[in-house]
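Following: one structure in structure tokens, then a few remarks.
The values are calculated or read from the model by the stated rules, or taken from the named source; none is laboratory data. Because the structure is predicted, anything quoted here is derived from the model rather than measured. A quick note on method: Cβ atoms are made from the backbone with ideal geometry, for glycine too, and the neighbour counts reach across all protein chains shown.
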Amino acid sequence: MTDTMKQIGQDFWRIDGEFRLGGIVNLGTQASLIRLEDGDFVFLDSYTLSDRTKARVDALTDGGKRLQAIINLHPFHTLHCEWMHSAYPDAALYGTARHLRELPGLPWQDQRCESGVLSEAFGEDLDFTIPAGVPLVCEDESVHFSSVLALHRKSGTIHVDDTLVYLDRRFPLSLVPMVRRVDFHPTLAKALEPCAGAAEDFREWAISLGIDWSGARRIAAAHHGVRELEPEEFPQLIGEALGRVKAVLDAHRAEHD
């Protein structure tokens, strides 16, 4: 495994990791280390750290003693959970229902990430939201649209896996229209619940996301992307992303509403 660790905001460090499609094309993945107001730390998502990066994490967290929790936010990001727990066994391990189902041998917290437990435990430092109108885990397991999004209020950083996509110019595939643009994940059409109201529920959630997190200063996305934001730019980017999926939402309404 290869990775880089960079501080991208106040008390917020990004681990930019490797995920190779077919063992060849590096699509990238991420984890974030956050220092809480009480001086403890949490990881958002898991990654198998290189020796160099682990040494930096250990230096910050007093050898892991101040790492309070490992919070796995995307139900399909499971490859590195076992390593992360083995490296930091005293940190509370949080996951979604799919994490618990796929890795039952790990000592998961009883309450799942989608249950509201994260707001209760970490609400002084972090806001969380889950998209409406789509299931967190689709029956078609090739659709990885939904996840738990997290906003670290102190740094203004949004940590998001897949639901929002931002690709910088390192991304190896030729998705030219999407490079350096904030978009919803292209599987939205497949992810929407096959029932009346799902498209509108998603639209209303997205609008609320832009309003509620309007002060965000950057987006840290899963696959090779950190997007720095101008003041109050986030609502505009969400509105533009919604505009680009209007045809998807209209088609869903025409079929189900």
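Data for the structure
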{"item": "Matching option when the condition is aliphatic (A, V, I, L, M), crowded, with 18+ Cβ neighbours inside 10 Å and at pLDDT below 95, among ALA216, ALA206, ALA222", "result": "ALA222"}
{"item": "Odd one out for ALA55, checked against (1) surrounded by 16 or more Cβ atoms within 10 Å (Cβ to Cβ); (2) more than 26 Å from VAL143 (Cβ to Cβ); (3) of a type outside the set (Ser, Thr, Tyr); (4) without any contact (Cβ under 8 Å) to a residue 24 or more places away in the chain", "result": "(1)"}
{"item": "Which numbered condition CYS81 fails, given (1) surrounded by 21 or more Cβ atoms within 10 Å (Cβ to Cβ); (2) under 18 Å from HIS152 (Cβ atoms)", "result": "(2)"}
{"item": "Unique match (being farther than 20 Å from ASP162 by Cβ, in contact with a helix residue (DSSP H, G or I) (Cβ under 8 Å, 6 or more places away or on another chain) and either modelled with pLDDT of 95 or more or assigned to a loop (DSSP other than H, G, I, E, B) (or both)) among ILE238, ILE211", "result": "ILE211"}
{"item": "First in segment 227-252 and of a type in the set (Asp, Glu), second anywhere and not in a helix (DSSP H, G or I), Cβ under 8 Å, 6 or more apart", "result": "GLU228/ARG217; GLU228/ARG218; GLU232/SER214; GLU232/GLY215; GLU240/VAL182"}
{"item": "Members of segment 193-231 that are over 23 Å from GLY133 (Cα atoms) and β-branched (Val, Ile, Thr)", "result": "VAL226"}
{"item": "Tabulated pairs, segment 1-13, first polar (S, T, N, Q), second assigned to a strand (DSSP E or B), C-beta under 6 angstrom, 6+ apart or interchain", "result": "THR4/ASP16; GLN7/TRP13"}
{"item": "Members of segment 30-64 that are under 23 Å from the mean Cα position of the chain (by Cα), among the basic types (Lys, Arg) and over 21 Å from VAL160 (Cβ atoms)", "result": "LYS54, ARG56"}
